[in-house]
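One structure is given here, and the rest of the page talks about it.
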Amino acid sequence: MAGTKINEATLRESLKGTENIPIVDTDLPKGRTTAAKLKEYVQPDKLKTAKTIDGKQFDGSKNISHLAVCSTNGGTATKAVTMSDFTIDTGSRLEILFEESNTAYNVSLSVNGSQAHPICYQGVQIGNGVLKAGCVYLLEYYQSKWHIVGEIVNVDAELSDTSTNPVQNKVIAGKVNEMQEDLSLLLSAGFGLWYGVEWDVTESDSAVTRIGNMDLHRSLPIQNGMYRCILNDDGEEVYKLGADDSTKKEDGVTSAVLDGTDGMVMVRIPTFYAKFVRDGNKRRVLISENNLPGFMRMGGCYISAYEAAIDRTTSGTPKLASVVNETANFRGGNNNAEWDGTYRSLLGMPATSTSLTNFRTYARNRKVDNTEWNCIDYQAYKALYWLYVVEYANRNCQLDFNDALTSEGFRQGGLGAGVTNINGTKWSNFNGYYPFIKCGYTNSLGNNTGVAAYTMPDEYDAETPLTTYVPSYRGVENPFGHIWKWTDGLHIRIQSEEAGGRSILYTANDPANYQDSNYDGYDEIGDIARVEGYVKDILFDEGEMLPTVTTGSSSTKDFSDYFYTNIPASGEALRGVLFGGYAADGATAGFAYSSASRVPAEAGASIGSRLCFIPGTARSAGES
């Protein structure tokens, strides 16, 4: 253990995300440990070469003199001690310890291992250099002179920041205690096993700081575990799609069938583990492939690659779908057949004009008497959101898309404005706020993050053509914008001022409990904001995304997304939650853009959803 050090500067920098391994030059055992165990290893070198003391050079030409015995409280000296009191031969060694005690210095002499009586320091000198209090000096006698061999750091048996011995490593002990919370975080998580981000809630920058293992920030093992695939109704992967072209199978040559015949086009979200840490004004999000102490399980599900369509092949049991299919059975929007063959055609578009209740029912129709198929749910959406934030280290997802890495090898930028720059009046005149981007528009991007340009038809604006950009985050097309997405598994209980004045988030973890009538099977999470505005702060614990503060921010600060709500005039209301925004929302839209202003039974031309498959084990302790 001797000679092992904690590098404080490196540790602090690692928490800022600029270093890879926070503890260096150690022989710490692999795996989990404790701060107490760490302190056992934090010891300084026992011997330091000392050619100068207090800046003065010692060349061995001076003799030790002026040692005097006196009382321990600094009284009158009673005996003079000189070097002649000791037998000194060539090779003899002398240790002198100076330890501060009240206003005097206790001195102990030891020659060749024989301890002399303690004496009180009144004026010990070696030539012109004054020995430093709090050090043991080792001198060796040869060539008729005393030569300084080294300065021995005297260390207490255990580190303590209250020790009266200034020589022991109490400075390091104090630093260890000062950094105790950060150290506990590092040690409990396991060195190098997690990566994440942190921010200060008192600062408004939307950017967050990378922390943890920087190599993991470069390799992104969890995010790189996402891919598009074909999933059958039993939740089995039929085949993966091409990494760079979703119209192909994994081999990049064989054509894939995306119309629903082989199964649904889904994006796998791997199982991972996350920890959401409050530390004063700091918020930290840590993610890992490993089930570490204090971490919660997330992901382990499939989210539709496209905004959801509805398969009406069997009229009595419509099914929510994720497909590229332009036949009448999969017509999008409100299923208006009169627009077929016109610029307003809804063939191949995602479905809208459907309530949350019906989206849930249509998803469950994929597998009878089973709750694994759902419309997108809150737990899956949270996993997707935090994977994005950790990867791009920014909460403003509308930053310009930039495919290049930083000089450090990290992702930068965002997903661009997305399909949010549409003029509301022109959109209404064009097709009444129904969707206009066909499912699968980003197939050419495969599993990659990117944007695909789309120019609006002349019927939208013939004089000033408008181009919008369809984003895809690792295969998830239009994660925000274009149309709102009904999201299941959460309710907002909104009270009028006279009925209690609270807006309370309730969530359910088990899809079997999803319903729209009351809060049975849901857990109360906490109060959210009651005024609309840009999101300044969120509930945060366990990854909650709903806002608590919606004043003092903007489209470029903090979470950079908006929040809508509606407080009833009397009584209270059960509201569902829409995420992402729609095509005319502009800068207000984004991953964290939400609306708690509609009841779950409400439907609208610009409101759709996504399909989601949640394996039966995904929300349990076992692996999915």
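Miscellaneous remarks
- Here the Karplus curve 6.51 cos²θ - 1.76 cosθ + 1.60, taken at θ = phi - 60°, turns the phi angles of region 419-431 into couplings of 7, 10, 9, 8, 6, x, 5, 5, 5, 4, 5, 5, 8 Hz, with x standing for Gly and Pro.
- Rolling a 1.4 angstrom probe over region 531-608 with all protein chains present gives an accessible area of which 48% lies on carbon and sulfur atoms.
- Per principal axis, descending, Cα span of region 546-624 in whole Å: 42, 34, 27
- Gain upon complete extension [Asp259, Thr327; 0.36 nm per residue less C-alpha separation]: 23.6 nm
- Point-charge dipole on Cβ atoms (K/R +1, D/E -1) for region 404-497, about Cα centre, debye to 20: 320
- The portion of the accessible surface of region 425-503 made up by carbon and sulfur, rounded to a whole percent, is 43 (1.4 Å probe; DNA, RNA and ligands excluded).
- When the C-alpha to C-alpha distance is required to be over 19 Å, the pairs from Lys248/Lys382; Lys282/Lys557; Lys249/Lys319; Lys319/Lys367 that qualify are Lys248/Lys382; Lys249/Lys319.
- Equivalent-ellipsoid semi-axes of region 438-557, from the Cα gyration tensor, Å, largest first: 35, 20, 15
- Karplus-derived 3J(HN,Hα) values for region 291-298, using 6.51 cos²θ - 1.76 cosθ + 1.60 with θ = phi - 60°, are 7, 8, x, x, 8, 10, 7, 9 Hz; glycine and proline are entered as x.
- Put a plus charge on the Cβ of each Lys and Arg, a minus charge on the Cβ of each Asp and Glu, and nothing anywhere else: the dipole of region 340-490 about its Cα centre is then about 460 debye.
- Other-chain or far-sequence residues with amide H under 5 Å of Thr317's (modelled H): none
- Computed E for Asn281/Tyr519 - FRET, C-beta separation, R0 35 angstrom, nearest 0.05: 0.60
- Fully extended contour minus Cα-Cα distance, from Val368 to Thr425, at 0.36 nm per residue: 16.3 nm
- Cross-link pairs beyond the 23 Å C-alpha cut-off, checked among Lys438/Lys485; Lys240/Lys485; Lys240/Lys275: Lys240/Lys485; Lys240/Lys275
- Exposure check, 1.4 Å probe, all protein chains in place: Phe295 carries approximately 20 Å² of accessible surface.
- Cα gyration tensor shape of region 238-293, rounded if a/c is under 1.5, else prolate or oblate by comparing a/b with b/c: prolate
- Whole-Å semi-axes of the ellipsoid equivalent to region 489-567 (Cα gyration tensor, √5λ, descending): 23, 16, 9
- Sequence of Ser594, Ser570, Ser204, Ser517 when ordered by accessible area, the most exposed leading, probe 1.4 angstrom: Ser517, Ser570, Ser204, Ser594
- Each of the peptides 367-378, 421-432 was scored by the mean count of other Cβ atoms within 10 Å over its residues; in descending order, highest first, they stand as 367-378, 421-432.
- Considering only Gly280, Asn291, Ile310, and ranking their Cα positions along the charge dipole of region 274-324 that arises from unit charges at the beta-carbon of Lys, Arg, Asp and Glu, the one farthest toward the positive end is Gly280.
- Per residue value of the accessible surface for region 509-574 (all protein chains in place, 1.4 Å probe), Å²: 43
The values are calculated or read from the model by the stated rules, or taken from the named source; none is laboratory data. Everything numeric in this text was worked out from a predicted model, so none of it was measured. Quick reminder, even Gly has a Cβ in these numbers, built from the backbone with ideal geometry, and neighbours come from all protein chains shown. Protein only, heavy atoms only, side chains kept; ligands, DNA and RNA dropped before computing areas. Shrake-Rupley method; radii C 1.70, N 1.55, O 1.52, S 1.80 Å.
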